[in-house]
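Read through the structure below, which is laid out as structure tokens, and then see the notes.
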Amino acid sequence: MVSDAELEAHIRDCGRLMLEAMAAGNRQEADEWLHAQTVAIKSRSPEKVRELERERGLLPAETFVDLAEQDLALVRRQAA
């Protein structure tokens, strides 16, 4: 079984290789890398998906404090 870190590295590599293929004018190869990346993204573990959602503030907030913390985190990211 592939770890979350290994899968994320594979997803990044697929994206890089897709961009390189497009830059070289090879649309078919770029489409193949895009497909491989999409398959890899769909195979993320539920825990990894929740982590990514949480990092991006996409999880539903339950309290006013949760909403305020999400807003503050967004403002800090924008200011960085």
**Report entry** Sequence-distant residues sharing a close amide H with residue 44 (under 5 Å, placed H)
**Finding:** none
Query raised in the report: In percent, what relative contact order does region 1-44 have, based on Cα pairs under 8 Å that are 6 or more apart in sequence?
Result: 43 percent
Query raised in the report: For the pair residue 27 and residue 80, how long in nm is the line joining their label points, each one 7 Å along Cα→Cβ?
Result: 3.8 nm
Requested in this report: Only loop residues by DSSP count here, and only those with at most 16 other Cβ atoms within 10 Å; note down the GluC sites (Glu not before Pro) in region 12-80 that meet that.
Outcome: 62
Query raised in the report: Can you list, largest first and rounded to whole Å, the semi-axes you get for the chain by taking the square root of 5 times each eigenvalue of its Cα gyration tensor?
Result: 33, 17, 10
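Every number here is computed from the coordinates shown, using simple stated rules; none is lab data. On a predicted model such as this, the values are computed, not experimentally measured, just so you know. Every residue, glycine as well, gets a Cβ built from its backbone with ideal geometry; the counts of neighbours run over all protein chains shown.
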